[in-house]
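These notes are about the structure you will find just below.
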């Protein structure tokens with residue numbers, strides 16, 4: 001379940017010289033500007049506008065923007081123009097950006113590690129492979145002889161990379177397939193070897 005919605009917080013308060021429309025007391029009106037934002041799990045993602053209210057310090061009458069007389073609306077607009085948009089209302093985008101950066105860095109590190117492991121594959125290394133039909137499978141190294149790698153392919157495929165781990169408990173072919181290190185390097189360059197587990 002995703003919890004989302006909107007919230008608001010006062011970002012500016014200022015007394016104005018306009019008299020109160022209820023008690024007519026001068027200099028008693030405090031204008032408040034409220035920043036509204038959309039949130040997911042209470043993390044602000046983006047601002048969705050400002051709203052305002054006024055309160056009289058003398059008679060305590062509270063008016064929202066729609067109910068303010070025209071003179072108070074003008075005063076509110078002036079206060080609102082000075083109220084700066086808080087950067088924290090974009091913090092959700094920062095969280096998403098940090099996650100994306102972490103994923104990209106992790107993928108680059110995995111790719112670098114895989115590239116380094118291909119020339120030095122060992123028995124029982126497990127290769128996560130993307131097939132040409134956009135399916136995914138596993139291949140277990142049975143032995144390495146010179147530049148030739150002997151593999152047992154998993155008997156099963158999955159249509160999602162996230163499903164590869166489920167194949168580990170499945171059966172492998174009893175027939176050995178062979179690939180050269182050069183072909184494995186080419187597959188790595190094409191990003192068809194997702195990972196190698198040792």
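The values are calculated or read from the model by the stated rules, or taken from the named source; none is laboratory data. In this text, all values refer to a predicted model and were calculated from it rather than measured experimentally. Cβ sites come from the backbone with ideal geometry, for glycine too, and all protein chains shown count toward neighbours.
For the range 1-34, filtered to residues that are in a loop (DSSP other than H, G, I, E, B) and within 34 Å of the chain's Cα centre (by Cα), the residue that is nearest to residue 64 (Cα to Cα) is 3. Residues being modelled with pLDDT under 95, assigned to a loop (DSSP other than H, G, I, E, B) and within 30 Å of residue 95 (Cα to Cα) are represented in the range 37-51 by at least one member. Scanning the range 39-60 for residues being in contact (Cβ under 8 Å) with a residue 40 or more places away in the chain and in contact with a helix residue (DSSP H, G or I) (Cβ under 8 Å, 6 or more places away or on another chain) gives a total of 8. Once the range 116-148 is narrowed to residues that are touching a residue at least 60 places away in the same chain (Cβ under 8 Å) and under 28 Å from the mean Cα position of the chain (by Cα), the residue that is farthest from residue 170 (Cα to Cα) is 130. When restricted to residues that are on the phi < 0 side of the Ramachandran plot and assigned to a loop (DSSP other than H, G, I, E, B), the range 52-70 contains 6.
Among residues of the range 64-81 being touching a strand residue (DSSP E or B) at 6+ places or on another chain (Cβ under 7 Å) and either at pLDDT 95 or above or within 14 Å of residue 16 (Cα to Cα) (or both), the one that is surrounded by the most Cβ atoms within 10 Å (Cβ to Cβ) is 76.
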